[in-house]
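Novice: Below is a structure I'd like to ask you about.
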Amino acid sequence: MDSSEQVAPEPRTALKRAVAWRTASELVRHHPDLGLRIIETHPCDGGYDCVTVARMPDFQTLASFNIRGTGLLLGERGGRRRPGPSWTDDYPDDASVWRYPQHGLGEGPDGLAEAIEAFQGFPERGPEKPPLTPTNLSIVVIGELLGRVAFGSRPVDLRNAWFDSSGYSSFSNGPRPWSRGLPGVGALTEDMPWTQQAAVTTRYWSLDRRSEPEQPAVIVDLASSALWIHGKPETRLAKRFAGGQGIRALAWRLEQALDSNS
């Protein structure tokens, strides 16, 4: 095989997760009127592990990043396609899958998000930067942390409190065990519609160095910026931010918690 035929190695998982989260967070931040939320999904009978931007309350997929591979699934269109970066010219109007890592690297934090918005016909962004609401602050802090550890030897496993099996026969949908004591989750029952259960549980995300721990090191409520470290509630991210702690300092606090044994 000559050099022209060589296939570039697939980017490491931690780097793909950082790109996916950064892009998803930009979509959520810049389109508050669309009711978007970042969730975890496992389509194709559990074969994929995705960071997905869904539109509430029906969990309509708008964009889904496969962390196990390199595919970005484009879901529901918001309107007519607008001109975007030159590389999007290679995709016909009905294209539903992009290869996201190469387009999410080497660009500004908004680059891939803006390309998705133009291709899918999202509403035009406003002239002002989106305010740092508790949700926006939480997703930005997590994105800062994931970017910080993307090239490290100890990546972060990020999991949603709602386990979406997406038809994977060995599992069923429902709250992950570690979420049972969180606000609103304990009142959920199995006979409730899954969308009602997921509306509560998808707010919560866990972060840990381990994969699927029984008790995650860090839990963040994206709706309120509430924070739990090793199972104990701590001062909300929004309150810390209002008190003068910046994005990097907040991400550093989460990283310290991940490396703490207490």
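Novice: Looking for whichever is surrounded by fewer than 21 Cβ atoms within 10 Å (Cβ to Cβ), of a type in the set (Gly, Ala, Ser), in contact with a strand residue (DSSP E or B) (Cβ under 6 Å, 6 or more places away or on another chain) and at pLDDT 90 or above here; the options are Gly121, Gly75. Which one fits?
Specialist: Gly75
Novice: List the pairs whose first member sits in the range 111-127 and is of a type in the set (A, V, I, L, M, F, W, C), whose second member is at pLDDT 90 or above and surrounded by fewer than 21 Cβ atoms within 10 Å (Cβ to Cβ), and whose Cβ atoms are under 6 Å apart, counting only residues at least 6 apart or on separate chains?
Specialist: Close Cβ pairs (under 6 Å, with a partner that is at pLDDT 90 or above and surrounded by fewer than 21 Cβ atoms within 10 Å (Cβ to Cβ)) amount to Ala118/Arg82; Phe119/Arg81.
Novice: Moving on. Applying the selection to the range 191-207, what residues are of a type outside the set (Gly, Ala, Ser), in contact (Cβ under 8 Å) with a residue 40 or more places away in the chain and open to solvent by 10 Å² or more (accessible area, probe 1.4 Å)?
Specialist: Listed by number, the residues that qualify are Thr195, Arg203.
Novice: Quick one: in the range 78-96, which of the residues that are open to solvent by 70 Å² or more (accessible area, probe 1.4 Å) and not in a loop (DSSP other than H, G, I, E, B) is farthest from Ala115 (Cα to Cα)?
Specialist: For the range 78-96, the residue satisfying everything is Asp90.
Novice: Sticking with this one: If a residue must be touching a strand residue (DSSP E or B) at 6+ places or on another chain (Cβ under 9 Å), part of a helix (DSSP H, G or I) and among the hydrophobic types (A, V, I, L, M, F, W, C), how many such residues does the range 228-249 contain?
Specialist: Total satisfying the criteria: 1.
Novice: Testing Ser225 on (1) open to solvent by 10 Å² or more (accessible area, probe 1.4 Å); (2) in a loop (DSSP other than H, G, I, E, B); (3) not charged (D, E, K, R), one condition comes back false. Which one is that?
Specialist: Just one mismatch for Ser225, condition (1).
Novice: Residues of the range 49-68 being assigned to a loop (DSSP other than H, G, I, E, B) and without any contact (Cβ under 8 Å) to a residue 60 or more places away in the chain, which ones?
Specialist: Asp49, Ile67, Arg68
The values are calculated or read from the model by the stated rules, or taken from the named source; none is laboratory data. None of the values given here were measured: they were computed from a predicted structure. Positions of Cβ are backbone-derived with ideal geometry, glycine not excepted, and every protein chain shown enters the neighbour counts. Surface accessibility is based on the protein's heavy atoms, side chains included, excluding ligands, DNA and RNA. Shrake-Rupley method; radii C 1.70, N 1.55, O 1.52, S 1.80 Å.
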